[in-house]
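So the structure is just underneath, and the comments pick up after that.
Please treat every number below as a calculation from the coordinates, not as lab data. Predicted, not measured: the structure shown is a model, and the values here were computed from it. Positions of Cβ are backbone-derived with ideal geometry, glycine not excepted, and every protein chain shown enters the neighbour counts.
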Amino acid sequence: MGASGNVGACVTRQLAARGDDVRVLLRRSSSTKGIDGLDVQRCYGDIFDTEAVTAAMADRDVVYYCVVDTRAELRDPAPLFRTNVEGLRNVLDVAVEAQLERFVFLSTIGTIAVGRNGETVDERTPFNWAEEGSGYIASRREAERLVLSYVADRGLPAVVTNVSNPYGPPDWQPRQGTLVQLAALGRMPAYARGVGSEVVGIDDAARGMLLAAERGRIGERYIISERYMTQREMFTIAAEAVGAAPPRIGIPMAVLQVVGHLVGALGVLLRHDFAFTATGARLMALTSPADHSKATRELGWHPEPTEQAIRGAARCYLERSKT
């Protein structure tokens, strides 16, 4: 479920490549570029359509749930809670009756704590930035709590994967990859000074989810993230991979936060959701290194350097721009 998204499409490609009997649930309006040509069965409907969800889940052993609304910039978070929580609840009600072996839930690194003063965090670190998060983070935390409550109260065999920012080709609908795309096209002259994020290659993110289905312990969370990378490093890797000029201007976070507030105020005035607001600036600033050793130890997950995925994405974006 969610096979039209970047992570979901990659999960689907890996399952099909190893010869699994794969079924996907898609909306009629969804882009399928990431899975076109694969030998998979397509069912149509959405997560609020109980009949379609039941049919899609019938006779399946494992469900990979990759549906998520990532629009953190929304002024009104209601659509985020509708998809990320209420839609999920409908699916979970079906899943508990489906006799599954595993329900693998795509969560986010955003539900993991933030390390202060360079501290590295892991799955056990108490969450410590609820007041600084956004409607998006609140909806993802509620979704994760919901899944774990179905494990505890209704016996759902679910495993949670806390996937960080994934990069890599083909990424037909860039969202996390938008800034990398701009860097590859030579349109990113600046970077946020001293700011970075946890990153992972898209193929490794999907591989982590497949391993979670095979080896993950029910009711456990696993950080699926390769390492922490600064924006400057990320954009430079992307630009140099295709011969573009890397960004040279470092913008202080304080400036970006002021700009974010001004854009947010303009959005309220115009009743329009802009891609970058104070929420986006805050989420950029609230990042820290995370430890994925639990996934390595229990799942046997060994990610490749994300630099390789970023270079591949940059080349893909450049080639696509020429067509």
The size of the Cβ-based charge dipole (Lys, Arg +1; Asp, Glu -1) of the chain about the Cα centre, to the nearest 20 debye, is 860 debye
Using a Förster distance of 22 Å, the FRET efficiency for Arg227-Trp129 (Cβ separation, nearest 0.05)
0.60
Helix 6-17: inclination vs the chain longest Cα principal axis, degrees, rounded to 10, gives 50 degrees
Any chance you could tell me what percent of the C-alpha pair distances in the chain go past 26 Å?
47 percent
By how many nm would the segment from Arg193 to Gln99 grow when fully extended, if each residue of separation counts as 0.36 nm and the alpha-carbon distance is taken off?
28.9 nm
Taking Arg215, Arg102, Arg271 and counting other beta carbon atoms within 10 angstrom, the fewest-first order is Arg271, Arg215, Arg102
Express the relative contact order of the range 103-194 as a whole percentage, based on alpha carbon pairs under 8 Å and six or more residues apart in sequence.
34 percent
Calculate how large, on average over all directions, the projected area of the Cα convex hull of the range 9-131 is; give the answer in nm² to one decimal.
10.1 nm²
Tell me, rounded to the nearest percent, the portion of alpha carbon pairs in the range 188-261 spaced more than 18 Å apart.
57 percent
Using a 7 Å offset from the Cα along the Cα-to-Cβ direction at both Glu304 and Val268, what is the distance between the two label points in nm, to one decimal?
4.7 nm
Using Cα atoms only, what is the angle between the long axis of helix 231-241 and the major principal axis of the chain, expressed in degrees (0 to 90) to the nearest 10?
90 degrees
Full-stretch length increase - Ser321, Glu51 - with 0.36 nm per residue and alpha-carbon distance subtracted
93.2 nm
Under the 7 Å Cα-to-Cβ spin-label approximation, Val259 and Asp21 lie apart by a distance in nanometres of 5.3 nm
Just to confirm the number: angle between the C-alpha axis of helix 202-215 and the first principal axis of the chain, 0 to 90 degrees, nearest 10?
30 degrees
Please compute the contact order of the range 179-323 in relative form: average sequence separation of alpha-carbon pairs under 8 Å and at least six residues apart, divided by the residue count, as a percent.
40 percent
For the range 95-238, state the average projected area of the convex hull of the C-alpha atoms over all orientations, rounded to one decimal in nm².
10.0 nm²
For the range 100-147, just the Cα set please: Rg and Dmax, both in angstrom.
12.2, 42
